[in-house]
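Reading through the structure tokens given below for one structure.
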Amino acid sequence: MKRHNFNSGPSILPQEVLEQAAKAIINFNDTGLSILEIGHRTEWFVSVIEEAKALVKELMQLGNEHEVLFLHGGATTQFMQVPMNLLDTNETAAYCDNGIWGSKAIKEASLFGNAVEAASSKDKNHTYINKSLHIPPESKYLHITTNNTVEGTQWHHYPNTNVPLVADMSSDIFSKQIDFKNFALIYAGAQKNMGAAGVNLVVVRKDILGKIKRPIPAIMDYRKHIEANSLLNTPPVFAIYTALLTLRWIKKEGGLAVMEKRSIEKANLLYSTIDALPAFTSHIAKEDRSLMNAVFFLRNPANETPFLELCKKEGMVGVKGYRTIGGVRVSMYNALPLESVHAIVDLMTEFSNKNA
Ligand SMILES: *Cc1c(COP(=O)(O)O)cnc(C)c1O
């Protein structure tokens, strides 16, 4: 059966990336060896890292002030690693709490210093992005989650502040054109929009490092990883290779301008359908709707299970809402074809006509 993969993460990757990754497991670049069995310090793998770093810089249009790292662990590791590197015990960092990932980031930061809430959207169950920020002027940085994967909201205009901006871009990295140079630190777990689980992309402006007194274990120290070119210890070799394949694909398709155009087209199609059909409803503030993860509900809760069953029967994967939120979540990452959105929109229309 033709499947439509709306998984929120790990999520859909381009078919050609999967084929190339599969081939590399058997025979990497005609070396006669698998990508899983070559040394990470061989010239073969060093060239993978070098090309991946160069592609990240090219797509983000960054110069030498920023450094690109591929580190172990998911974004959750960065919740800890960011404050460990940037925030001394007696210092303050401001965090925006617009969803569960942002909340978790604050909790982790408070283990290292004074993490304060610059704004929260908890008052309305995280159904919007709270943009009235109160940033203590002495803050070492302001942390935002650019796309709230679970709640279905997204920053469409980033806060304008003199405080260094740190962003968790796990679920919308490389989905649109951004002034990446305005960010002091960007991190993203790869498994949503750029590859396989197991690796974090970290892009850091070097001048913010080395300013705290805390001793940092080597494996957690960004500076040590920069010195070692992401080869401080054995990196997640296969996940980095899959990220490289995805980065090549993004460039070949036309870069971030094309990813953005496609995302807008897909999201417009889905949201206009939700708004038009009586069976469905969205609680998210319109101006903050995520182009990556659309969260919506059946107007009649009794219709939820039948709708999800119908999706399942028609080969639509990953549309059940997050466990604490319920409803429907349709993720539309870069690799999701417009055709899949058409397919679910047709199904929604048919369902609404029969059940509204
Ligand atoms: C998925 C996700 C995370 C957690 O990622 P892990 O790789 O599971 O640690 C953090 N932040 C955002 C925005 C996410 O979408």
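The values are calculated or read from the model by the stated rules, or taken from the named source; none is laboratory data. In this text the structure is predicted, and so the values were computed from the model without any measurement. So basically every Cβ, Gly included, is an ideal-geometry build from the backbone, and we count neighbours across all protein chains shown. To get the accessible areas, we keep the full protein, side chains included, count just its heavy atoms, and leave off ligands, DNA and RNA. Shrake-Rupley method; radii C 1.70, N 1.55, O 1.52, S 1.80 Å.
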* To do: Report the label-to-label distance for SER272 and ARG299 in nanometres (one decimal), using points 7 Å from each Cα along the Cα→Cβ vector.
  => 2.0 nm
* C-alpha center-to-center spacing [region 111-140, region 290-356] in angstrom -> 31 Å
* Label-to-label distance, nm, for residues given as HIS156 and GLU227 (7 Å Cα→Cβ offset) -> 4.6 nm
* Looking only at Cα atoms, what is the convex hull volume of the chain per residue, in Å³? -> 130 Å³
* To do: Compute the length gained on full extension between SER47 and ARG214: take 0.36 nm times their separation in residues and subtract their Cα-Cα distance, giving the result in nm to one decimal.
  => 56.7 nm
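Ordered by packing density, taken as the mean number of other Cβ atoms within 10 Å over each peptide's residues, highest first, how do 10-23, 300-313 rank?
In descending order of packing, they fall as 10-23, 300-313.
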* Bins of 10 Å from zero: percent of alpha-carbon pairs in region 255-355 -> 15, 52, 28, 4, 0
* For region 15-253, which whole percent of the accessible surface, found with a 1.4 angstrom probe, sits on carbon and sulfur atoms? -> 52 percent
* Asked: Ignoring ligands, DNA and RNA, what percent of the 1.4 Å accessible area of region 255-355 is carbon and sulfur?
  -> 54 percent
* Treat each spin label as a single point 7 Å out from the Cα along the C-beta direction, and report the LYS206 to GLU117 distance in nm. => 3.9 nm
* Between GLU309 and THR234, what length in nm is gained on full extension when 0.36 nm per residue of separation is reduced by their alpha carbon distance? -> 22.7 nm
* Length gained when the stretch VAL258-ASN90 is fully extended (0.36 nm per residue, less Cα-Cα span) -> 56.0 nm
* To do: Leaving out ligands and nucleic acids, note down the accessible area per residue over the chain with a 1.4 angstrom probe, in whole Å².
  => 43 Å²
* To do: Above 25 angstrom, tally the Cα pairs of region 1-160 and express them as a % of all pairs, no decimals.
  => 51 percent
* Asked: Going 7 Å from the Cα of ASN29 toward and past its Cβ, which residues in region 55-76 have a backbone nitrogen under 15 Å from where you end up?
  -> 55
* Relative contact order for the chain: what is it in percent, counting Cα pairs under 8 Å that are at least 6 residues apart? -> 23 percent
* Rg and Dmax of region 109-236, Cα atoms only, in Å -> 15.7, 45
* **Between region 44-94 and region 145-159, the Cα center-to-center distance that results, in Å** => 20 Å
* region 255-355, relative contact order in percent, only Cα pairs under 8 angstrom and at least six apart counted -> 33 percent
* **Relative contact order (%) - region 26-176, alpha-carbon pairs under 8 angstrom, separation at least six** => 17 percent
